[in-house]
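Visitor: Quick one: structure below, then a few questions.
Laboratory data are not the source of any read-out in this text; all were calculated from the coordinates shown. The structure displayed is predicted, hence computed values, not measured ones.
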Amino acid sequence: MSDAANAGFRSWMCLICGWIYNEEEGLPDEGIPPGTRWEDIPINWTCPECGARKEDFEMVEI
């Protein structure tokens, strides 16, 4: 990917346990390829650490 394609990746933190989803890294073990934007994560997806729902995440700057 070019630098332009990588621009703007964000991270989302679980407000319950603090686990962080990084859009650039994705979650390959869960079938979510690198570069998957938060809005493209299925609504029924849950935190791999604590099972919190997607709505329990908040965008964070790291």
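Visitor: Only Cα pairs under 8 Å and at least 6 apart count here; give the relative contact order of the chain as a rounded whole percent.
Guide: This gives 36 percent for the chain.
Visitor: Starting from the Cα-Cα distance between N44 and E58, subtract it from 0.36 nm times their residue separation and give me the gain in nm to one decimal.
Guide: Gain on stretching N44 to E58: 3.4 nm.
Visitor: Given the chain reduced to its alpha-carbon atoms as identical point scatterers, what log10 I(q)/I(0) does the Debye formula return at q = 0.20, 0.24 Å⁻¹?
Guide: -0.73, -1.03
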